[in-house]
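Structure, as structure tokens:
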Amino acid sequence: MQEVEEEVQTYEFLDEDHVALTLSTTCLRRTTSLLSSRADRTGSYRWWAGTLLASLLVSRSSSALRGSTVCELGCGASALLATVAIACGAAAAAATDGDAATLPLALRNMRAAGGPAAAAAAAALPLRWGPCAPASAAAEAAVARALGAPLDLLLASEVLYLHWGGGEAWGFEEQGLALFSLAKRLLQPTGCFLCVYTPRYRGMARGLRAAAQRAGVALRTIARRAILTPALAATHAFTDTRVVAVAPSRDALQHWLVRRLGDPPPAAAADDSEEEGEEAAGVGVGAPLASVRPFE
């Protein structure tokens, strides 16, 4: 068995009171042995987009995370979003991934961030979804049992890619349908799903909108200008990154956009760089969102 090397990434976020929250997560270093030994390497190391969503959550931690039940899909080894949830006082948080090999490290990160209290509040469980992974009622039930209460907030970062299987590509409408259908099953009626992704392929936004219609959920894109601080805006890693909010109903979506994620938002407007005229909702900026400083 080839040995893999671990590396620690440290982040600094600002909460709504401008108090710094410093978190460290451990993931796997992108070594030659890792790249050559794993068929699916995406969950082994850090992806930048997650820090953008993490900054939004920390800056709204008292309303979005504290006392909530939270689940992260495709957490990978670092489980950054679930770790942020635990650090910010979530009542319970579950990190899930289709690659069970990433879960011990994910659980270690969550417990380190939450201290002794996180031992009971944190869980890491296998959960696969998508056209290539039929829904598993047993796995979804295990997540519900681990949380011990209806799910308030579902999170995901960079889980949408062009997948191939049997010589055919699974489009983003099919992926979105699987993802949003899972969210609808896991979330309570007043819950919300926040997903951050980078539009690496044309048609992603259009596919996700079509998927939301087919799944019967409400979807809005949170305007990037409402999330990016000047420091983040100057970071090339976030040039095209988008955060979408999805909820079982329009009322639930509005509740999250207005009451849980910020002040009453301004009228919906299209983000300048939104692909294909995608609709965006501006989240109020009563408190500036975090600047994220990863220390390499």
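The values are calculated or read from the model by the stated rules, or taken from the named source; none is laboratory data. Because the structure is predicted, anything quoted here is derived from the model rather than measured. FYI the Cβ positions are ideal-geometry reconstructions off the backbone, even for glycines, and counts take in every protein chain you see.
Need at least 3 residues that are surrounded by 24 or more Cβ atoms within 10 Å (Cβ to Cβ) and of a type in the set (A, V, I, L, M, F, W, C) per element, so show me which strands (runs of 3 or more DSSP E) inside segment 50-133 make the cut, counting only ones lying wholly within it. It would help to see each step written out before you state the result.
Values: elements: 69-73, 92-97, 122-126.
Those strands (runs of 3 or more DSSP E) span 69-73, 92-97.
Return a yes/no flag: does segment 30-38 have any residue that is crowded, with 21+ Cβ neighbours inside 10 Å, modelled with pLDDT under 90 and in a helix (DSSP H, G or I).
The initial filter retains those residues of segment 30-38 that are crowded, with 21+ Cβ neighbours inside 10 Å, namely none.
Scanning segment 30-38, I find no residue that is crowded, with 21+ Cβ neighbours inside 10 Å, modelled with pLDDT under 90 and in a helix (DSSP H, G or I), so the answer is no.
Check VAL243 against each of (1) of a type in the set (A, V, I, L, M, F, W, C); (2) at pLDDT 95 or above; (3) not in a helix (DSSP H, G or I) and name the one condition it does not meet.
Against the list (1) of a type in the set (A, V, I, L, M, F, W, C); (2) at pLDDT 95 or above; (3) not in a helix (DSSP H, G or I), VAL243 comes up short only on (2).
Read through the list (1) farther than 17 Å from ALA121 by Cα; (2) of a type in the set (Gly, Ala, Ser); (3) modelled with pLDDT of 95 or more, then give the number of the only condition that ALA92 fails.
Checking ALA92 against (1) farther than 17 Å from ALA121 by Cα; (2) of a type in the set (Gly, Ala, Ser); (3) modelled with pLDDT of 95 or more, the one that fails is (1).
From the list ALA137, ALA142, pick out the single residue that is over 19 Å from the mean Cα position of the chain (by Cα), over 30 Å from GLY203 (Cβ atoms), modelled with pLDDT of 90 or more and surrounded by 12 or more Cβ atoms within 10 Å (Cβ to Cβ).
Values: ALA137 fails: surrounded by 12 or more Cβ atoms within 10 Å (Cβ to Cβ).
Going through ALA137, ALA142 in turn, the sole match is ALA142.
Which number in (1) on the phi > 0 side of the Ramachandran plot; (2) touching a residue at least 40 places away in the same chain (Cβ under 8 Å) marks the one condition that SER62 misses?
(1)
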